[in-house]
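What follows is one structure encoded as structure tokens, with my remarks underneath.
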């Protein structure tokens, strides 16, 4: 059974020549573009006669051209008649030329070729003999058409199978570089002798991703060649042009001149090109979502027949599918990368804000939401100036840096929910927009402020006793004035007490520092809290103003485990405070009681009291009830902080209850000794 | 002399007395205001950080009172910040002494201030508070 159209043609011609008792015959078929006639089969002619007649124009002055153009058969009885009708053929096959018959091959009225038969004698064609030739041609035409249809169907099926295989391959992995390399392999030798895939990289350059040929040696060679003769990215043909235009470039026959131009005077290159034997080329773009991602090139060389329009169509479809696969893989990877980045940023304590070039919010992590008070949902996709109205003032002083530079944050205040927050902002500009890092430094700043407040406070506190000591010494040394004995005694006493006061303030600063560093060691021993309290009252009684009535109220308290020196220090401080904050006098009571497995020591006064909003803060380091400190009740801002730290280090608690204007109760609760 | 610190009052009293001046004292802002209104002293030495009514308040009220507005006020305080000095100037002070100070020189200082006020340099004295001229 005849399988290829060529075999069918040969069989028909052989049979036709035999049946017609002809000497020779040929079958010509109109080319796809309809301009030429190709001799697809021939039999019985001497090769040297046919050499120039493998292909000729449809409008050439030949019998076959006329038959194909007119659709009417031509019967010529002798070579004389032929030469008369076709003078230009006078030199062709003169010696053995006799009768000639050319009949059209047509299907459904459309002429697609002609069959010609040459005889070895002159013949006057009788009508019935003519009919026979025409009938023969009709049968031949049907057979040819059938086989052509079959071949076309076969080719179509092959293409579909190939596309299906390619699609399966493209869908097999998200590693599109690897997939595309395998796709190139798949194309040879079924689609072409050579297949190459070039991709556009991030900088717009062209990167050769794959070259495939049946022979791996040739592939190696192709890469070497590419290295030695890098393609001109501005070339007006081939891949560069396809990438620029997004249009396929199809050369059914690579023009000789094109190769000549490329070769120039390079002998080595000429040798290579000759060896390659390039015949036909197709380059198609890989386009997805309007973007040209790369190009797929096919070349027919030593084995593959020249490419047809069907091949181009297949290549375009293949390019389209490859592009979609690459695009999907890239989108997936980007989405995955984005998701991972978002996951990581969700746990970063700094606010991270990504704005695109238009200033639209593209990322807004939870920390950014917390700092600005605007949720991610409310921020994403909106212009940042709408999301945070103060954004401009927030970032106006931020110097945007290039990626990789050390950040230079600028600290600025913003108001969130009515509260002022201090935010350290730094920004980095990159191709796709700007990334801002926001750090909430409100607490650091507050701490910094309390520290500097403390320095100011400490210096105020030190200045007064210093003034007293210095002033007393200066006055005592005056020789122009006679001081009374009582004045002298007062000045000496002043020096002593103010120096003690100085020492105490300095001490507190030191202790607070030690507590911070964990350097205070406590000796927990069994002790009687009533005894400690009694000692505190005794020493305090020597210097409290007369307006204060100081008393101890201790009823059979339990033994406790504590450092008695540190407990004394705490109680002295609390009693001093009680006295200090009772400028109008009143009772100050030190009360000691057993209380449900613990011991409770209260220091009660009837003084100024503490506003409820401040009660929880007075134990903070450097916190002062009166930060302006214009009301003179001095202190380092460390007393209560030290007390609380010490009590907690003895496993106890220090708390306060107070009502402004009525007085305060500070309570130390310590565990009973086990 | 208005100061809650007994030691400072004592220092000023002894040294000003040595210059032949009479010193009357108050231990807090409220008492100081009352005393100034009643006695109309030639000059008030005024501490700032005092319980209840502070020195700023005293100065402001003295400046607002018809009978007391002309009494020159010299602040004598541990507050050394520029902002504090500027406030002292705004409140109409004619001098600003920062603790620790030299009590031996205080008599001459007060005499100098009073004679310059007599020469009509009160406004100039006021401006000198925050102009950085140290006493």
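Counting the residues of segment A:640-650 that are surrounded by fewer than 16 Cβ atoms within 10 Å (Cβ to Cβ) and modelled with pLDDT under 90 gives 0. The requirement of being outside the structural domain of residue A:642 (by TED's automatic domain parsing), surrounded by fewer than 19 Cβ atoms within 10 Å (Cβ to Cβ) and assigned to a helix (DSSP H, G or I) is satisfied by residue A:493.
From the residues in segment A:271-295 that are in a loop (DSSP other than H, G, I, E, B) and in contact (Cβ under 8 Å) with a residue 24 or more places away in the chain, which one is nearest to residue A:320 (Cα to Cα)? Please lay out each step first, then the result.
Within segment A:271-295, the subset in a loop (DSSP other than H, G, I, E, B) is A:277-279, A:289-290.
Narrowing further to those that are in contact (Cβ under 8 Å) with a residue 24 or more places away in the chain: A:277-279, A:289.
On the way: A:277: 28, A:278: 25, A:279: 24, A:289: 10 Å.
The selected residue is A:289.
Of the residues A:445, A:474, A:478, A:463, the single one that is in contact with a strand residue (DSSP E or B) (Cβ under 9 Å, 6 or more places away or on another chain) and within 10 Å of chain B (Cβ to nearest Cβ) is A:463.
Name the one entry in A:234, A:201, A:249 that is touching a strand residue (DSSP E or B) at 6+ places or on another chain (Cβ under 8 Å), under 28 Å from residue A:325 (Cα atoms) and exposed (fewer than 15 other Cβ atoms within 10 Å of the Cβ). On inspection, the qualifying residue turns out to be A:201. Within segment A:15-43, being within 15 Å of residue A:101 (Cα to Cα) and surrounded by 15 or more Cβ atoms within 10 Å (Cβ to Cβ) holds for A:16, A:17, A:20, A:22, A:23, A:24, A:25, A:26, A:27, A:28, A:42, A:43.
If only one of A:481, A:511, A:536 is assigned by TED's automatic domain parsing to the domain that holds residue A:575 and at negative phi, which one is it?
A:536
Tallying residues that are assigned to a loop (DSSP other than H, G, I, E, B) and under 20 Å from residue A:206 (Cβ atoms) within segment A:246-270 yields 3.
Conditions tested, residue by residue: (1) modelled with pLDDT of 85 or more; (2) within 27 Å of residue A:527 (Cβ to Cβ); (3) within 14 Å of chain B (Cβ to nearest Cβ); (4) surrounded by fewer than 16 Cβ atoms within 10 Å (Cβ to Cβ).
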position	(1), (2), (3), (4)
A:593	yes, yes, no, no
A:602	yes, yes, no, no
A:612	no, no, no, yes
A:628	no, no, yes, yes
A:631	no, no, yes, no
A:638	no, yes, no, no
A:666	yes, yes, no, no
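Note on segment A:338-398: enclosed helices (runs of 4 or more DSSP H) holding 2 or more residues that are surrounded by fewer than 18 Cβ atoms within 10 Å (Cβ to Cβ) and either touching a helix residue (DSSP H, G or I) at 6+ places or on another chain (Cβ under 6 Å) or outside the structural domain of residue A:433 (by TED's automatic domain parsing) (or both) are A:366-372.
Restricting A:106, A:114, A:143 to those that are assigned to a helix (DSSP H, G or I) and at negative phi reduces the list to A:143. Taken together, A:509, A:505 contain a single residue that is within 14 Å of chain B (Cβ to nearest Cβ) and at pLDDT below 90, which is A:505.
Tallying residues that are facing another protein chain (nearest Cβ under 7 Å) and more than 18 Å from residue B:100 (Cα to Cα) within segment A:484-498 yields 2.
Condition test on residue A:243, is it surrounded by fewer than 17 Cβ atoms within 10 Å (Cβ to Cβ), in a helix (DSSP H, G or I) and in the same structural domain as residue A:312 (by TED's automatic domain parsing)? Criteria not met by residue A:243. In the set (1) within 14 Å of another protein chain (Cβ to nearest Cβ); (2) in contact with a strand residue (DSSP E or B) (Cβ under 6 Å, 6 or more places away or on another chain); (3) at pLDDT 90 or above; (4) not in a helix (DSSP H, G or I), residue B:93 fails one condition alone, (1). Applying the set (1) more than 11 Å from chain A (Cβ to nearest Cβ); (2) within 11 Å of the chain's Cα centre (by Cα); (3) crowded, with 21+ Cβ neighbours inside 10 Å to residue B:71 leaves exactly one unmet item: (3).
Does segment B:46-59 hold any residues that are farther than 13 Å from residue B:74 by Cα and more than 7 Å from chain A (Cβ to nearest Cβ), and which are they?
Of everything in segment B:46-59, those that are farther than 13 Å from residue B:74 by Cα and more than 7 Å from chain A (Cβ to nearest Cβ) turn out to be B:53, B:57.
The selection criterion, being farther than 25 Å from residue A:252 by Cα and free of Cβ contacts under 8 Å to residues at least 60 places away in the same chain, does not hold for residue A:56.
Among the residues of segment A:190-205, is any under 25 Å from residue A:309 (Cβ atoms) and free of Cβ contacts under 8 Å to residues at least 24 places away in the same chain? No, there is no match, as no residue in segment A:190-205 is under 25 Å from residue A:309 (Cβ atoms) and free of Cβ contacts under 8 Å to residues at least 24 places away in the same chain.
Of the residues A:468, A:458, the single one that is more than 23 Å from residue A:644 (Cα to Cα) and within 13 Å of another protein chain (Cβ to nearest Cβ) is A:468. You will find that of B:99, B:85, the residue that is within 12 Å of chain A (Cβ to nearest Cβ) and touching a residue at least 40 places away in the same chain (Cβ under 8 Å) is B:99 and no other. When each of B:9, B:79 is tested for being closer than 18 Å to residue A:470 by Cβ, in contact with a strand residue (DSSP E or B) (Cβ under 9 Å, 6 or more places away or on another chain) and not in a helix (DSSP H, G or I), the lone residue that passes is B:79. Looking only at residues in segment B:21-33 that are assigned to a loop (DSSP other than H, G, I, E, B) and free of Cβ contacts under 8 Å to residues at least 40 places away in the same chain, the one that is farthest from the other protein chains (Cβ to nearest Cβ) is B:24. Among residues of segment A:421-430 being out of contact with any helix residue (DSSP H, G or I) (no Cβ under 7 Å at 6 or more places or on another chain) and under 16 Å from residue A:391 (Cβ atoms), the one that is modelled with the lowest pLDDT is A:429.
The values are calculated or read from the model by the stated rules, or taken from the named source; none is laboratory data. Owing to the predicted nature of the structure, the values given are computational and were not obtained by experimental measurement. Neighbour counts run over all protein chains shown; Cβ positions are idealised from the backbone, glycine included.
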